[in-house]
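Asker: So that we are looking at the same thing, I have put the structure below in structure tokens.
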Amino acid sequence: MRFAGSFTTRLSVVAVLGFQTHLTAQQRYLPIDVENGSRLYRSNCFACHGPEGNSIPGVDFRRGLFKRVSDDDDLLRVIANGVPGTAMPPTAINDSGRFALVAYIRSMSESAKGSGDVVRGRALFEGKGGCLACHRVNGKGSRLGPDLSEVGAVRNAPYLERSVVAPAESILPEHRFVRAVTREGSVIVGRRLNEDTHSIQLIDQDEQLRSLLKSELREYTLLTTTTMPSYQDKFSPAELADLVTYLLSLRGLESQ
Ligand code: HEC
Ligand code: HEC
């Protein structure tokens with residue numbers, strides 16, 4: 001089998017390089033292969049597997065979740081032969097195309113894990129960053145900001161990085177702050193948790209859960225600002241990578 005041979009040769013060259021220079025996991029494949037793979041993925045696989053690689057139940061390229069594939073050789077085989085008896089078709093494509101697809105699929109899960117160090121990231125989160133002053137992770141910290149215990153399961157690396165360096169850019173509707181003035185004139189500012197036609201529930205500045213009836217309010221405004229400061233100048237790029245890697249590792253129950 002010609003393709004198996006050429007693939008193995010290429011892999012072992014990469015393995016030796018990795019051993020000598022301690023390349024990070026992300027550099028295991030050449031960027032050019034990942035790029036070619038991305039192109040091939042878009043034209044051959046995207047329609048079924050989706051942009052994030054998680055559209056098929058039980059298969060998730062970002063999380064490295066497969067049904068029966070365990071190594072790169074299995075991946076190459078599945079791409080060539082499909083999975084008989086399922087909608088996964090064989091793909092007629094040459095060796096380097098298949099290799100590029102594997103490189104791309106692997107890169108999806110590697111960038112999903114982050115390029116930094118989880119332990120250092122956690123130290124920054126709890127120490128220098130002071131993130132627990134507003135956020136809660138697995139029962140520890142504050143409720144002023146959203147609970148981040150599962151943030152790694154629902155957000156990707158670029159989004160998380162933007163959240164830290166430019167928080168005001170990306171406030172989700174469910175994390176908006178509200179300012180309410182009661183009939184008696186007291187002002188309550190807090191993070192909105194729920195809202196229906198008659199009432200709103202929020203976490204106020206003392207971390208207390210408050211439920212307010214709209215009919216008893218004199219004023220009610222949805223704020224477009226956030227209390228989260230930008231960390232643009234506080235972290236070096238390496239620290240930011242560590243922090244994002246830590247956030248990506250937070251996957252709620254799944255990670256425990
Ligand atoms: C017509 C839809 C379709 C297309 C196109 C498609 N797939 Fe799939 N793929 C599937 C389905 C469905 C499964 C799940 C098969 C099963 O149940 O085991 C799957 C499974 C897989 C798996 C996982 C096998 C396992 O054991 O977990 C890999 C890897 C995969 N596809 C890669 C690709 C690649 C790469 C391409 C593009 C070259 C591609 N697929 C194109 C539908 C598709
Ligand atoms: C002063 C309070 C405060 C501090 C300190 C703070 N945050 Fe936040 N953070 C918030 C609030 C409020 C939100 C929700 C509104 C928004 O998106 O800005 C938020 C949102 C986020 C989000 C987006 C969550 C999502 O699901 O979209 C992330 C990620 C995040 N913060 C990470 C951090 C990290 C990491 C730190 C420490 C380096 C930190 N925050 C420090 C208040 C804070």
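Each value in this text was obtained by applying a stated rule to the coordinates, not by laboratory testing. The structure displayed is predicted, hence computed values, not measured ones. Note: ideal-geometry Cβ built from the backbone for every residue, glycine included; neighbour counts use all protein chains shown.
Asker: In nm, to one decimal, how far is the Ser70 label point from the Phe46 one, both placed 7 Å along Cα→Cβ?
Answerer: Going from the Ser70 label point to the Phe46 one covers 3.4 nm.
Asker: With labels modelled as points extended 7 Å from the Cα through the Cβ direction, what inter-label distance (nm, one decimal) is found for Leu30 paired with Ile171?
Answerer: Here the answer is 4.8 nm between the modelled labels.
Asker: Still on this structure, I have one more. With r defined as the distance between the Cβ atoms of Asp233 and Val83 and R0 fixed at 35 Å, what FRET efficiency is calculated, to the nearest 0.05?
Answerer: After rounding to 0.05, the efficiency reads 0.10.
Asker: Using only alpha carbon pairs under 8 Å that are at least six residues apart, calculate the relative contact order of the chain and give it in whole percent.
Answerer: For the chain, the relative contact order is 19 percent.
Asker: Charges on Cβ only, +1 for Lys and Arg, -1 for Asp and Glu, centred on the Cα centroid of the stretch 173-222; of Ser199, Leu209, Thr221, which one is farthest towards the dipole's positive end?
Answerer: Going by the charge dipole, the pick is Thr221.
Asker: Place a +1 charge on the Cβ of each Lys and Arg in the stretch 173-222 and a -1 charge on the Cβ of each Asp and Glu, then give the dipole magnitude about the Cα centre in debye, rounded to the nearest 20.
Answerer: Here the stretch 173-222 has a charge dipole of around 140 debye.
Asker: Treat the count of other C-beta atoms within 10 Å as a stand-in for reagent exposure and order His175, His49, His135, His198 from fewest to most.
Answerer: His198, His175, His49, His135
Asker: When the Cα centres of the stretch 92-143 and the stretch 197-236 are compared, how far apart do they sit, in Å?
Answerer: So the separation of the two Cα centres works out to 29 Å.
Asker: Same structure, new question: How do Glu126, Glu184, Glu239, Glu219 line up, fewest other C-beta atoms within 10 Å first?
Answerer: Glu184, Glu219, Glu126, Glu239
Asker: Could you grab the relative contact order for the stretch 30-122? Cα pairs under 8 Å, six or more apart, rounded to a whole percent.
Answerer: 37 percent.
Asker: Also, I was wondering about something else. Estimate the FRET efficiency between His198 and Leu223 by the formula 1/(1 + (r/R0)^6), using the beta-carbon distance for r and 25 Å for R0, to the nearest 0.05.
Answerer: For R0 = 25 Å, the calculated efficiency reads 0.75.
Asker: First select every other residue whose beta carbon is under 15 angstrom from the beta carbon of Pro57; then total the charges, Lys and Arg +1, Asp and Glu -1.
Answerer: Combined, the nearby Lys, Arg, Asp and Glu give +2.
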